[in-house]
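Trainee: Encoded as structure tokens, here's the structure I'll be asking about.
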Amino acid sequence: MISKVLIANRGEIALRIIAACREAGLATVSIHSEVDRDSLHVRLADESVCIGPAAANASYLNITAVIAAAEITGADAIHPGYGFMAENAHFAEIVQECGMTWIGPPPDAIRAMGDKANARRTVTARGVPVLPGSTEPLTSREDAAAVAETIGYPVILKATAGGGGKGMRVARDSRELKQVFDTARHEAEKAFGNGDVYLEKYLTAPRHIEIQVLADSQGKVVALGERECSIQRRHQKLIEEAPSPAVDAELRQKMCDAAAEAAAAVGYVSAGTVEFLYDDGQFYFMEMNTRIQVEHPVTEAVTGVDLVLEQLRIAGGQPMSVRRRPRLNGHAIEFRINAEDPVTFAPSPGEITELALPGGPGVRVDTHIYRGYTIPPNYDSLVAKLIVHGASRREAIRRAKRALGMFVIGGVRTSIPLHLRILEEPDFVEGRLSTGFMERFATRE
Ligand code: MV4
């Protein structure tokens, strides 16, 4: 059992974890950098420790400082949130070696999924569909060209140690493949300290559909349905929804079974997400995110499951409270509200001079900002998540327009106007989504 949780994060997710700890009757410790002294996660936790300067490397990513904060305050568990050290298997091991509970998956499961080529091989062995491609890292341009000839162009080179869109290169023919092979290897080596790359058939306009899973230490794995996350720009998601307009009950069952197999294949425990590409009736495993995700609330809305509370239960050794895959209730959509220019996407940090949050039926806002708060330039630009829930997708869209129209954030530019424009887009309204949506949307004006 655990009794005091240190939250190794900041922003809205730190508040979300504090909320779950309160529900579970657990004490909370927050950590903060020097620029985050006036943050709500500091005020709302039972205790808080300053762990270093603004730069994330010196504070939220400083293992020694985070562990020391836990030791000093007597925390017996650490929740990493998302980003920062959430998928750092080395950190997870240190937490455990220090006698504390890691509120997340086993370090070996993080590692198994962190190596993308290994993840591909591991899930394939369990019958999970993957795109045609190489099963071992490519050794040379000739090796790459030979694999590409057998599967056909276009192909995509991906870094074995990559993920989330970093270190990828598309080749439409053998000439392009020869050109990008060395670049891809060099980039992977520079970005991840590992130059291994593998190759897959490239889909030009797929949907990104992911499955939420929960697994407990009793060996139970439950898939909680999908989220459609196709609306993204430069691998930053903007809008996520559950269920996906493209998924019917039969496909959902197949994808949930595949996701549960993928999780079981690596001995997964805790909340996780299995990402698939979907195109023309077929789905293919892409990668598994071994953390709670930004967009988890849309799954909470349609399943009624408190995913962070389940993470706490599971980490404490209790069985999850979910017996089988929940029936989905209605439709939920999340809008990420960033402090950035809605046209250029340039960050727009600064003081929040005015704030009015929407509410009412079917509206949830997860945010850490308040009037008078200054958004520092050092971290990501997410300032709020609006989650709307309705009986149907149409009702959710109506509620989104109402809530975004009543959302007041003064002093910084935000993505609210962009979301209102997307909501008027016929392709969005009709659910005709793909990872190319934002490009089409941006270049048509
Ligand atoms: C792909 C792909 C098309 N074909 N793999 C991007 C993030 C990383 N997880 C994998 N990604 C992709 N892999 C094959 N074989 C297209 C993407 C991709 C993408 C995926 C999901 C959401 C947005 C995306 C935007 C561009 C490319």
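Trainee: Let me know the volume per residue of the alpha-carbon convex hull for segment 344-386, in Å³.
Mentor: Roughly 90 Å³ of hull volume per residue.
Trainee: P(r) for segment 4-103: what percent of alpha-carbon pairs falls in each 10 Å bin, starting at zero?
Mentor: Histogram of Cα-Cα distances, whole percents per bin: 17, 57, 25, 1.
Trainee: Please sort by residue number the trypsin sites (Lys or Arg not before Pro) in segment 346-418 whose DSSP state is loop and whose Cβ has at most 15 other Cβ atoms within 10 Å.
Mentor: Answer by residue number: 371.
Trainee: Under 8 Å for C-alpha pairs, at least 6 residues apart: give me the relative contact order for segment 1-99, rounded to a whole percent.
Mentor: Dividing the mean separation by the residue count of segment 1-99 yields 32 percent.
Trainee: So what's the back-of-envelope 222 nm ellipticity for the chain, counting only DSSP H runs of four-plus at -39500 (n - 2.57) apiece and dividing by all residues, rounded to 500?
Mentor: Result for the chain, helices only: -10000 deg cm²/dmol.
Trainee: I need the shape label for the chain. Rule: rounded when a/c is under 1.5, else prolate if a/b > b/c, else oblate, with a, b, c from the alpha carbon gyration tensor.
Mentor: In terms of gyration-tensor shape, rounded.
Trainee: Same structure, new question: For the chain, which whole percent of the accessible surface, found with a 1.4 angstrom probe, sits on carbon and sulfur atoms?
Mentor: Ligands and nucleic acids excluded, carbon and sulfur reach 49 percent.
Trainee: Turning to a different aspect of this structure: Using the heavy atoms of the protein chains and a 1.4 angstrom probe, tell me the accessible area per residue for the chain in square angstrom.
Mentor: 40 Å²
Trainee: When averaged across all projection directions, what area in nm² does the alpha-carbon convex hull of segment 236-275 cover?
Mentor: Averaging across all directions leaves 3.7 nm² for the Cα convex hull.
Trainee: Sticking with this structure for a sec: Greater than 24 Å separation of Cα atoms is the criterion. Which listed pairs, 254/401; 116/385; 158/237, meet it?
Mentor: Cα-Cα > 24 Å for 254/401; 116/385; rest within.
The values are calculated or read from the model by the stated rules, or taken from the named source; none is laboratory data. Note that the structure is predicted; figures quoted are calculated from it, not measured. In this analysis, Cβ positions are derived from the backbone assuming ideal geometry, glycine residues included, and neighbour counts consider all displayed protein chains. We work out accessible area using only protein heavy atoms, side chains counted, and drop any ligands, DNA or RNA first. Shrake-Rupley method; radii C 1.70, N 1.55, O 1.52, S 1.80 Å.
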